Protein chains: 2
Amino acid sequence: MATAPLPASPPVQQTLSRVVADDVPALAAGAAIFGTGGGGAVYTAQRIVERALLQHGPVELIGVDELTEDDAVIMMSGIGAPTVGIEMLSSSAQAETLLRESEQVAGRRITALMPAEIGGSNGVSPIGWAARLGVKILDADGMGRAFPEATMISPNVAGVPCDFSIQCDVVGNVTIRKTIDLAWLERHARAGAVASGGICLGAHYLLTAETAPGAVIPGTVSRATRVGHALLSSPDPVSAMADELGASVLVTGKITDVARRTEGGFVRGSVTIAGTGDDRGRLQRIELQNENLVVLEDGEVLVTVPDLVTIVDAETGHAISTEMLRFGQRVSVLAWACDPLWRTERGLQLAGPRAFGYDLPYVPFERKSSR
Amino acid sequence: MATAPLPASPPVQQTLSRVVADDVPALAAGAAIFGTGGGGAVYTAQRIVERALLQHGPVELIGVDELTEDDAVIMMSGIGAPTVGIEMLSSSAQAETLLRESEQVAGRRITALMPAEIGGSNGVSPIGWAARLGVKILDADGMGRAFPEATMISPNVAGVPCDFSIQCDVVGNVTIRKTIDLAWLERHARAGAVASGGICLGAHYLLTAETAPGAVIPGTVSRATRVGHALLSSPDPVSAMADELGASVLVTGKITDVARRTEGGFVRGSVTIAGTGDDRGRLQRIELQNENLVVLEDGEVLVTVPDLVTIVDAETGHAISTEMLRFGQRVSVLAWACDPLWRTERGLQLAGPRAFGYDLPYVPFERKSSR
């Protein structure tokens, strides 16, 4: 097992100050890596965002510490089944409606958007909306990865109440919600997305210079773009990404079994990988629910949520999402530490192994893999 | 067939100027009659409203022509499955939340409530909410009866756009909707009610002295109370109600067959009534979907929606709702003319026989029954 030295948090890295069309392939490839198997396919979003940036020019990317008292930020994301989004494209009017309604509810100008999750298409699309709307992008997100439910979001870990929730669908219906907690919001927003035909656009949480620090995962737009650049520009993309992420390559091998079913609106199951080359004779199983959740080897747990696990093509380094896994693929498994926010008591309560039904304690994976 | 002379609209009648606890049994019995088989059981609502009026005092009832420029009226109703409402009672906080949110969205004080439908429990409950909240009740409703869907409402016939929709559930979740039309509102509000556990409270349409006339069915709270008084105080309740309503007694007899199934969230089916006494030898079939929709005899259509058909106990005169119909009941069938608004082109498009899937032309029933 090629184990890199693992910091608990990634070191401070250079951040982008704006996003141009040429950055989008890297951002999209990186967002897919942070999708940890879920988060929705990035290709359509990538093309839409490239076009928006060419048409409207670059988007200014600002850091959490650059927010001023004039700034108001909304978290945006698609809500619903990503598979529906492939056929039912969103309209550029949706983001406009959402911004207008948000400003009306907030009673102030919205100056920036941020992705609710950096993983998958939801990490890419907000750049295009910001370009069209002429607002900034906050270099941060609400997960530092992809998660399947609305409760699993950093302001909820930080205890910021969600009294700001607006959804807009492709025909123009708008819904404003004030729910008593995030679990009720998830339930109602999901029902609203289904009533809208399966998918809609949402703005959640109104954050400011005062409330954003500590309630968002900082630097993730830049970080996803750097990871994508490493992937696209290196002759050894898997190692280059592992270095950039501070990740371990848990195994490299061949997929020998995929047990996968769609139930309750989720993809669930497991995938088995038999080591090849230096890893010959090793066997790992990864349990999944939309995202990759738990990695096991010889009856031992190597990694669990909220730490990140992504299965990538062993040659190209591109992420393979859970619904695209199939027998015979040559893959590498990358694992790396989640943001420290998810390792707090509240973070683990919302997104630790028990939140997904696994009766397992959470052990930071670098402690396991460095034994 | 005992056919009374039938005016196209009911004559102007004395209206109440307030509702006291002693009026509630009559209002509830009358609302059940206007339920035309649907609208939900009135008993629980009756007890809650009686208690509210005893505790908070009478409610002022004002006519549509008494509205001043200071008045703002919201239409209120339960949304969802009435059967759920029997077990999951609403909270008095719900109506308060709804009023507070309505005032915030409207940017003005709400001075009065009105029932969205006078038929069934939705015709009774608003009186109790008004008593608790210290506001007036508009002597009007949005249907003049009960209908199963949100699109079948008088302001929609009159072309008033529904840009005001607020729902609140029993735990305190609030949803504000701006849908592009009533069909989308029905779809989203229904999904929201299900996400809330099956039922919630809604405020729809903000009406004023300017917009209410012509967009509501006037006088229906008073009228339902008068009908209930006739029912409760006469030795011959069926005749007394027929006189009060300007209704025909289509047949009096015995239920010989009930074909009823629950599908797609509706009660559907038909009931067969064999005449007794003077009506011996006659056979009528009534088709139903929550409400009574069409009456047939010898292959001929006697009545269709939007005209009103209610099956009552032949002795007591109390309405029998579609889910309570059973073999052997002694019943009379009352039918009377709907409000002229429903006989307009738009009214029939929304709530005529074709809107319920019957390939039948609408013929005002008094023209048929007076042949």
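The values are calculated or read from the model by the stated rules, or taken from the named source; none is laboratory data. What you see is a predicted model; the values in this text were computed from it and never measured. FYI the Cβ positions are ideal-geometry reconstructions off the backbone, even for glycines, and counts take in every protein chain you see.
Condition check for A:GLU366 on (1) at pLDDT below 95; (2) assigned to a loop (DSSP other than H, G, I, E, B): one failure, at (2). What do you reckon, is B:VAL105 touching a Ser or Thr at 6+ places or on another chain (Cβ under 6 Å) and within 14 Å of another protein chain (Cβ to nearest Cβ)? Judged against the criteria, B:VAL105 is not a match.
Cβ-Cβ distances below 7 Å connect the following pairs, each with a first residue in segment B:95-108 that is assigned by TED's automatic domain parsing to the domain that holds B:ILE176, a second residue that is surrounded by fewer than 19 Cβ atoms within 10 Å (Cβ to Cβ) and of a type in the set (Gly, Ala, Ser), and a separation of six or more residues or different chains: B:THR97/B:GLY172. Screening A:ALA240, A:ALA209 for residues that are modelled with pLDDT of 95 or more and not assigned by TED's automatic domain parsing to the domain that holds A:ASP339 leaves exactly one candidate, A:ALA209. Restricting A:ASP70, A:ASP23 to residues that are in contact with a helix residue (DSSP H, G or I) (Cβ under 8 Å, 6 or more places away or on another chain), of a type in the set (D, E, K, R) and more than 28 Å from A:VAL171 (Cβ to Cβ) narrows the list to A:ASP23.
Kindly indicate whether A:ASP141 is among the acidic types (Asp, Glu), within 26 Å of A:ARG346 (Cβ to Cβ) and in contact (Cβ under 8 Å) with a residue 12 or more places away in the chain. The answer is yes for A:ASP141. Looking across segment B:201-236, the residues that are crowded, with 23+ Cβ neighbours inside 10 Å and either part of a helix (DSSP H, G or I) or over 20 Å from the mean Cα position of the chain (by Cα) (or both) come down to B:THR220, B:VAL221, B:ARG223, B:ALA224, B:THR225, B:VAL227, B:GLY228, B:ALA230, B:LEU231.
Across segment A:251-264, not a single residue is classified as under 30 Å from B:VAL171 (Cα atoms), touching a Pro at 6+ places or on another chain (Cβ under 6 Å) and part of a strand (DSSP E or B). Filtered by the rule that a residue be within 19 Å of A:GLY40 (Cα to Cα) and β-branched (Val, Ile, Thr), segment A:259-285 gives A:THR262, A:VAL267, A:VAL271. Taken over segment B:243-278, the criterion of being at pLDDT 95 or above, under 20 Å from the mean Cα position of the chain (by Cα) and at positive phi is satisfied by B:GLY246 alone.
In segment A:17-38 there is at least one residue matching the filter, namely being buried (at least 20 other Cβ atoms within 10 Å of the Cβ), at pLDDT below 95 and assigned to a loop (DSSP other than H, G, I, E, B). Within segment A:322-343, being surrounded by 13 or more Cβ atoms within 10 Å (Cβ to Cβ), outside any helix (DSSP H, G or I) and either at positive phi or touching a helix residue (DSSP H, G or I) at 6+ places or on another chain (Cβ under 9 Å) (or both) holds for A:SER332, A:LEU334, A:ALA335, A:TRP336, A:ALA337, A:CYS338, A:ASP339.
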